[in-house]
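Structure, as structure tokens:
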Amino acid sequence: MKFALNIGWQIGNVTADERLRVQQQHDRKKQRLWRRKKDNCKKRKSQNTTSSNAVCGLILPKSTRKTLLIKHTCTEFIAKLDLLHMQIDKPPKVLAKSVKENFLHDGTFHQAVGKVMLSAIMPVKGLTSSHPRHLSFSWTNIRTLYSIIFIISILVDLGLTLSRVLLKPINFNSVEPVIFRVSIVIVCINAIALARKWPALMLYWYEIESDLPVHLTEMEKGRLAHRINTVAFVAMMLSLGEHLLNIISNIHYSNYCPQTNDPIKDYFLLTNDHLFTVFPYSIYLAIWGKVQNIVCTFIGSYMDVFVMIVSLGLASKFQQLNDNLFKFKGMQMPESFWSTRRKQYRNLCELCYRVDGAISVITMISFSNNLYFICVQLLRSLNKMPSFAHAAYFYYSLFFLIGRTLAVSLYSATIHDESRKPLRVLRCVPKESWCTEVKRFSEDINSDLVALSGMKFFYLTRTLVLSVAGTIVTYELVLIQFHQDTIFGECATNHSSVASGNNIRGN
């Protein structure tokens, strides 16, 4: 704060000095103009000697000119002094003043998700704009070009990984980096495809939610944005902690089992061994591999975050409709009321189907990845850990992966839960208010399955959690029969196994 105040103080002084310099230049210009007029007046006086003072009005008595000059000089000095004091007394403006509008929300999903999507891999312009009509996609956008360059880079990395895997016998553990990189490539390509649809999808979403019952308080309008920001922040910070633990465990092992005299080279040889089986060691190639590794790790985490925030957005819109319906639970309402609410419910169902069609591939990759890596982690938990750093990272990563999978499943299941809640209101409709629209509304809810899906292979409901748990147990029982415990002994013989164990999900 002291540094910022000093900078602001200096800026204020510089501003005052600049204003004084400009004022002095202006005064000198006025004096030159006055002398020029005086010279012109003298020329006219030489040509016409009559009433010269009346003609130009510039030739005054000597005493009067001195008085006016002193008065002008004193007035100018006082004005400059006041200006200088105003600049000194004025507090420095370090940060822009916040206004009330910066903290208000309109309750739309576009505004709630804008800042989170800005840090994503989806190249769309206008994500933080006030209205979705400002969204656009362009192939010449810098974010689009960056995504394309990254896809090409990860394809090269995938080719190098395949060349390393094919040199050795293929087993359940060796194909792990290949599966991880293939999933990242698929997600990045689908992100560009989704970016092309995103402006039209958000505009359609905006039209649907504008027709819903309005929020009554500012807290209700800002609730969705707060939940989305909280979920994204917590998930990405936990992912950052996982990656930092991975770096610590790799540094510990590279120091414990050095291959060269350079500890930095040992670390990069351990984490980027697929690069240096083809190319000779280079610090620039090592940095490229590490940066790409970090980006891939966070894209793998953001996959799940994206599914969660879309699920939160859809569930909140069903909740907005349900809150209005529960206010009239058990009351006699006209048929037009039920007709309007049924139309709003059908619009939300159509929105859910449209969103599911756009993101179903990402949902499929997210759940498939989580299922595979949970199986890998549980299988590796039978091995002996070489150090406490490895054990801390391994179990943190395992519990974080299980918790993130549960969070994705439960947040996604809230869409289906909220879509079924209107039945509790319809069952309490009085006999006098029962009509055809109420019956049609009830049949729509009972017959439709409103939920996100993984390319229609499975639907994200609460029953899916038990199904996934049963699938994991089944796979583990099969894999344990073929498992061979890895004994970490000499560094030279176990380097590849430890490196593979430390690079879970590309870490």
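The values are calculated or read from the model by the stated rules, or taken from the named source; none is laboratory data. This one's a predicted model, so the numbers in the text were calculated from it and none came from an experiment. In this analysis, Cβ positions are derived from the backbone assuming ideal geometry, glycine residues included, and neighbour counts consider all displayed protein chains. Protein only, heavy atoms only, side chains kept; ligands, DNA and RNA dropped before computing areas. Shrake-Rupley method; radii C 1.70, N 1.55, O 1.52, S 1.80 Å.
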Notebook entry, point to check: Tell me, which residue of the range 414-453 that is of a type in the set (S, T, N, Q) and open to solvent by 80 Å² or more (accessible area, probe 1.4 Å) is farthest from Tyr345 (Cα to Cα)?
Noted result: Thr436
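Restrict the check to the range 476-484 and report whether at least one residue is polar (S, T, N, Q) and not in a helix (DSSP H, G or I).
Of the range 476-484, the ones polar (S, T, N, Q) are 481, 484.
In the following step, the residues that additionally are not in a helix (DSSP H, G or I) were identified as 484.
Yes: the range 476-484 contains one or more residues that are polar (S, T, N, Q) and not in a helix (DSSP H, G or I).
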Item checked: Subset of the range 315-343 [touching an Asp or Glu at 6+ places or on another chain (Cβ under 7 Å), assigned to a helix (DSSP H, G or I) and more than 12 Å from Glu437 (Cβ to Cβ)] -> Ala315, Lys317, Phe318, Gln319, Asn322
Next item on the list: Name the residue, out of Thr363, Thr277, that is modelled with pLDDT of 90 or more, more than 30 Å from Ser433 (Cβ to Cβ) and either surrounded by fewer than 21 Cβ atoms within 10 Å (Cβ to Cβ) or of a type outside the set (Asp, Glu) (or both).
Entry: Thr363
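Taking the criterion of being among the hydrophobic types (A, V, I, L, M, F, W, C), in contact with a helix residue (DSSP H, G or I) (Cβ under 8 Å, 6 or more places away or on another chain) and surrounded by fewer than 21 Cβ atoms within 10 Å (Cβ to Cβ), would at least one residue in the range 121-132 satisfy it?
Taking the range 121-132 and keeping what is among the hydrophobic types (A, V, I, L, M, F, W, C), we get 121-122, 124, 127.
Still in the list and also in contact with a helix residue (DSSP H, G or I) (Cβ under 8 Å, 6 or more places away or on another chain): 121-122, 124, 127.
Filter once more, keeping what is surrounded by fewer than 21 Cβ atoms within 10 Å (Cβ to Cβ): none.
Looking for residues that are among the hydrophobic types (A, V, I, L, M, F, W, C), in contact with a helix residue (DSSP H, G or I) (Cβ under 8 Å, 6 or more places away or on another chain) and surrounded by fewer than 21 Cβ atoms within 10 Å (Cβ to Cβ), one finds none in the range 121-132, hence no.
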Notebook entry, point to check: Out of (1) among the small types (Gly, Ala, Ser); (2) open to solvent by 10 Å² or more (accessible area, probe 1.4 Å); (3) in a helix (DSSP H, G or I), what's the single condition that is false for Ser397?
Noted result: (2)
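If you check Arg346 against the conditions, is it touching a Phe, Trp or Tyr at 6+ places or on another chain (Cβ under 6 Å) and over 27 Å from Ser467 (Cα atoms)?
Values: touching a Phe, Trp or Tyr at 6+ places or on another chain (Cβ under 6 Å): no; over 27 Å from Ser467 (Cα atoms): yes.
Taking the combined requirement at face value, the residue does not satisfy it.
Scan the range 222-244 for residues that are among the hydrophobic types (A, V, I, L, M, F, W, C) and open to solvent by 50 Å² or more (accessible area, probe 1.4 Å) and jot them down.
In the first step, residues of the range 222-244 are kept if they are among the hydrophobic types (A, V, I, L, M, F, W, C); the result is 224-225, 228, 231-238, 240, 244.
Result: Phe233, Val234, Met237, Leu238, Leu240, Leu244.
To keep it simple, each residue is scored yes or no on (1) within 22 Å of Leu135 (Cα to Cα); (2) not charged (D, E, K, R).
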| site | (1), (2) |
| --- | --- |
| Val178 | no, yes |
| Leu216 | no, yes |
| Ala225 | yes, yes |
| Val234 | no, yes |
| Ile251 | no, yes |
| Asp262 | no, no |
Note to self: Any residue at all in the range 309-317 that's closer than 19 Å to Phe400 by Cβ and either surrounded by fewer than 16 Cβ atoms within 10 Å (Cβ to Cβ) or out of contact with any strand residue (DSSP E or B) (no Cβ under 8 Å at 6 or more places or on another chain) (or both)?
What the structure shows: yes
